[in-house]
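Since the structure comes first, as structure tokens, the remarks are kept for the end.
The values are calculated or read from the model by the stated rules, or taken from the named source; none is laboratory data. Not measured: the values here are computed from a predicted model. Neighbour counts are summed over all protein chains in view; Cβ atoms, including those assigned to glycine, are modelled from backbone coordinates with ideal geometry. Side chains are part of the model used for accessible areas, which takes the heavy atoms of the whole protein and leaves out ligands, DNA and RNA. Shrake-Rupley method; radii C 1.70, N 1.55, O 1.52, S 1.80 Å.
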Amino acid sequence: MQKKQCIAMLLAGGEGRRLAPFTSKLAKPAVPFGGKYRIIDFTLSNCANSDINTVGVLTQYRPLVLNSYLGIGSPWDLDRRNGGVTILPPFMHQEGGDWYKGTANAIYQNIGFIDQYDPEYVLVISGDHVYKMDYAKMLDYHIEKNADITISVIEVPWEETSRFGIMNTSEDYKITEFEEKPANAKSNLASMGIYIFNWKLLKEYLILDEQNENSSNDFGKDVIPKMLNNDCNLYAYPFQGYWKDVGTISSLWQANMDLLEENPDLDLYDSSWKIYSVNPNQPPQYIAPSAKVSSCLINEGCVVEGNIHRSVLFYGVEVGSQSSIKESIIMPNVKIGRNVSIYKAIIGEGSVIEDGVQIGNIDCDEISVIDNNSVLSKQNDKTSKDNNQTSNENEKTIDGGAAI
């Protein structure tokens, strides 16, 4: 293989339990987002736009749909003879085989894949975040600082610091302390899960980490603290743009609503930084004379006869007359009948909502969730007041629905 300066390793194997029920049969990076995309489109597009043309995608949990979606990488211009997209599931070897035990172990198990490109640097990224970033600028920063590791960071609200790995730095962003999900943080610079490593050094630490029986084989818990304790040169790379971890129902809903602002922070219409995806090749959308639509993303193949406000409709959605949809996400190929009312909900792919059903309640701030391929009739009509609570977040799930 031709030598590469930098290759990317994209971690896409997370189970994503907090995104249930949408991840019950689907890897989190493959969850639909933003009307026509899947979550992984953002990191793959960032790689393509940053001229990083060799990407190893590490899959594990429910990979069937994700693997099929990735194909040979053509939608992201990553179908290359030397490089491109390579799917890297766990595999058997002479001593047996293991699932990926942690983020560091996932990279360790693919040392052979990385070595064949003999890179100077390895970019480690996650497939479950939405953002636009020029990784080439981060690599320039890494080289300029003569760093061993560079970690991209973003300022988060202080009350959310306990959810993240937090960096304490000097004035020039040299990392002096790393705290994994601290109860009382000293800084609000949160790790975005984007790392650039000097490959030869990282390889040494991965081998040492694998030999430590007490290690959880995780970058945040084990490898990075070890490198910091050994006086390696760690720098934080401050990021100023939009970034969202869409790992929960509430964050998935909010990130979609963010796209509906008049001037959204995550600009999908920037021709200089396109977000690429697999084109479902649907017919044109149709908005009937009786329909009223405002502040919405309406994708191809939709047929709208009702009223829709501040909502995201994926491809192939049908909305009947006299129906009202507000502040909701309607995933692909959902059929909604007449006189249906939907407020602040996420309707799973392929579901059928029969005439007269009410989902959600304008007097309630909770997010109603309908599982994929559900069928809801007026007989099993659910409002947010009588749904089954599934978590302590502001979200509720309606059980599968009954066949008519």
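Descriptive notes on the structure:
- All positions within segment 41-54 that are touching a Cys at 6+ places or on another chain (Cβ under 8 Å) and closer than 21 Å to Trp243 by Cα: Ile52
- Residue in segment 394-403 that is modelled with pLDDT of 85 or more, within 17 Å of Ser24 (Cα to Cα) and out of contact with any Lys or Arg (no Cβ under 9 Å at 6 or more places or on another chain) present: no
- Every test in (1) in contact (Cβ under 8 Å) with a residue 40 or more places away in the chain; (2) farther than 24 Å from Arg38 by Cα is passed by Ala288 save one, and that test is (1).
- Taken over segment 259-273, the criterion of being surrounded by 16 or more Cβ atoms within 10 Å (Cβ to Cβ) and more than 22 Å from Asp77 (Cβ to Cβ) is satisfied by Leu259, Leu260.
- Filtered residue count, segment 223-275, keeping only those that are within 27 Å of Tyr173 (Cβ to Cβ) and among the polar types (S, T, N, Q): 6
- Filtered by the rule that a residue be assigned to a loop (DSSP other than H, G, I, E, B) and in contact with a strand residue (DSSP E or B) (Cβ under 8 Å, 6 or more places away or on another chain), segment 23-35 gives Val31, Gly34, Gly35.
- Segment 36-53 - residue that is open to solvent by less than 30 Å² (accessible area, probe 1.4 Å) and farther than 12 Å from Leu123 by Cβ and, of those, nearest to the chain's Cα centre (by Cα): Ile39
Yes/no matrix, rows are residues, columns are (1) surrounded by fewer than 17 Cβ atoms within 10 Å (Cβ to Cβ); (2) assigned to a helix (DSSP H, G or I); (3) out of contact with any Lys or Arg (no Cβ under 7 Å at 6 or more places or on another chain); (4) in the same structural domain as Thr103 (by the TED database):
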| site | (1), (2), (3), (4) |
| --- | --- |
| Asp140 | yes, yes, yes, yes |
| Asn146 | yes, no, yes, yes |
| Thr150 | no, no, yes, yes |
| Glu159 | yes, yes, yes, yes |
| Ser162 | yes, yes, no, yes |
| Leu201 | yes, yes, yes, yes |
| Glu210 | yes, yes, yes, yes |
| Ser215 | no, no, yes, yes |
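- Evaluation of Ile224 against (1) in the same structural domain as Thr150 (by the TED database); (2) at pLDDT 95 or above; (3) open to solvent by less than 20 Å² (accessible area, probe 1.4 Å) (one fails), failing number: (2)
- Residue selected from segment 232-253 under the condition modelled with pLDDT of 95 or more and more than 15 Å from Asp128 (Cα to Cα), by the criterion surrounded by the most Cβ atoms within 10 Å (Cβ to Cβ): Ala236
- Residue that is surrounded by the fewest Cβ atoms within 10 Å (Cβ to Cβ) [pool: residues in segment 126-138 that are of a type in the set (A, V, I, L, M) and not in a strand (DSSP E or B)]: Ala136
- For segment 92-125, residues that are at pLDDT 95 or above, in a strand (DSSP E or B) and either more than 11 Å from Leu58 (Cα to Cα) or not β-branched (Val, Ile, Thr) (or both) total 3.
- Filtered residue count, segment 189-204, keeping only those that are touching a Leu at 6+ places or on another chain (Cβ under 9 Å) and modelled with pLDDT of 95 or more: 4
- If the condition is being under 16 Å from Asp41 (Cβ atoms) and either surrounded by 16 or more Cβ atoms within 10 Å (Cβ to Cβ) or among the hydroxyl-bearing types (Ser, Thr, Tyr) (or both), then segment 274-286 contributes Ile275, Tyr276, Ser277, Val278.
- Members of segment 255-294 found to be in a loop (DSSP other than H, G, I, E, B) and of a type in the set (Val, Ile, Thr), listed by number: Ile275, Val278
- Checked against (1) closer than 21 Å to Val223 by Cβ; (2) in a loop (DSSP other than H, G, I, E, B), Glu15 passes all but a single condition, namely (1).
- Identity of the residue in segment 165-199, touching an Asp or Glu at 6+ places or on another chain (Cβ under 9 Å) and among the aromatic types (Phe, Trp, Tyr), that ends up surrounded by the most Cβ atoms within 10 Å (Cβ to Cβ): Phe197
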